[in-house]
1. Determine which residues of the stretch 202-218 fall in the zone a paramagnetic label at Ala180 would reach in this model, i.e. backbone nitrogen under 17 Å from the point 7 Å along Cα→Cβ.
2. Looking only at the chain, where both bridge partners belong to it, what percent of the DSSP beta bridges are antiparallel (to the nearest 5)?
3. Taking R0 as 41 Å, what FRET efficiency do you get between Arg54 and Ala157 from their Cβ-Cβ distance, rounded to the nearest 0.05?
4. Evaluate the charge dipole of the chain about its Cα centre and quote only its size in Debye, nearest 20, assuming +1 on the Cβ of each Lys and Arg and -1 on the Cβ of each Asp and Glu.
5. Across the chain, where is the longest run that never hits GluC sites (Glu not before Pro) in a DSSP loop with at most 13 other C-beta atoms within 10 Å?
6. Relative to the longest principal Cα axis of the chain, at what angle does helix 171-180 sit, 0 to 90 degrees, rounded to 10?
7. Suppose only helical runs count, i.e. DSSP H with n ≥ 4. What mean residue ellipticity at 222 nm does that imply for the chain under -39500 (n - 2.57) per run, divided by all residues and rounded to the nearest 500 deg cm²/dmol?
8. Can you give me the solvent accessible area of Ile69 with a 1.4 Å probe, rounded to the nearest 10 Å²?
Amino acid sequence: MAGTVWFVGAGPGDPELITVKGRALLERAGAILYAGSLVDRAATLYAPAGCTVRDSKSMTLDEITGWLIAQAACHATVVRLQTGDPGLYGALAEMARPLDAAGVAWSVVPGVSSAMAAAAAAGETLTLPETTQTVILTRVAGRTPMPPGEELAALAAHRCTLCIFLSITLLAEVRTALRAAGWPGQAPVLVVHKASWPGEERIVRGTLDDIAARCRAEGIGSQAMIIASPALGARHLDDIARSKLYDPAFAHRFRRARAAGQPSRR
Ligand code: SAH
């Protein structure tokens, strides 16, 4: 049998945040390989009876691809379940290459990234008219170096929203980089630990200067999203520029422009 390997985004942790398509694939899977503790609930909730379910925590990349190839020889549907979206820090290319070489078909089902889940948890918007219209998804160099030109200080020079993955133990570096780029020490920073996990999610708000101490005090040292953005706290600002989409003078596909004060037709 020639099965297909599906790289499925499990979402940020809440099993209800997997897509309908991702869940349907789990429900008919012959084998599921899930990526560590952040997604085990979806795997165990939706896997059918008799499905082989395995955690990849202790496996090397070669073992993972070897396992997926072997399972695809016995099952029509094999799922590699990953946190958030598989296209973000998910080693997708490294896993897909051996599958291609073995002639195994594969496909990707996107997922809700933790960047979106963290913003949602805190009731924040990542874009705000006339403040920032750009979001950068990035990380600080750890064991994986940053490519030239992608150092956090260079990216921060854009003064847009920064969603920083894999860096909760490197808050001092985040502060240094953003200060070097001219962000004030009082710039708001949001950290969300286990965004969307029922009963486990924790939200910490602070500034560039004090967010590390606040996270330390809360005991947060893993599984956290850092968001630095001039849009943070937007709902408390009085002078938010109204989105052009809702400005009555602005015509778009679904509505004709009307003069200020002129009533709407409905
Ligand atoms: N593909 C994933 C990211 C994997 S890298 C996605 O799209 O979200 C792992 C990093 O993602 C963690 O270090 C953390 O920064 C972030 N992360 C994953 N799940 C998270 C969650 N539920 N809450 C907060 N951060 C999370």
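1. Residues 209 fall inside that zone.
2. Values: 17 of 41 bridges.
Antiparallel bridges make up about 40 percent of those DSSP assigns within the chain.
3. Details: r = 44 Å, r/R0 = 1.07.
My answer for the efficiency is 0.40.
4. Working: 27 positive and 23 negative charges, 206 e Å.
The calculation lands at about 980 debye.
5. Working: sites that count: Glu130, Glu150, Glu200.
With a cap of 13 other Cβ atoms within 10 Å, the longest stretch comes to 1-129.
6. Compared with the principal axis, the helix lies near 40 degrees.
7. Values: 8 runs with 69 residues, N = 266.
Rounded to the nearest 500, it is -7000 deg cm²/dmol.
8. 50 Å²
The values are calculated or read from the model by the stated rules, or taken from the named source; none is laboratory data. None of these values were measured; they are calculated from a predicted model. As a convention, Cβ positions derive from the backbone with ideal geometry for all residues, glycine included, and neighbour counts pool all protein chains shown. Surface accessibility is based on the protein's heavy atoms, side chains included, excluding ligands, DNA and RNA. Shrake-Rupley method; radii C 1.70, N 1.55, O 1.52, S 1.80 Å.
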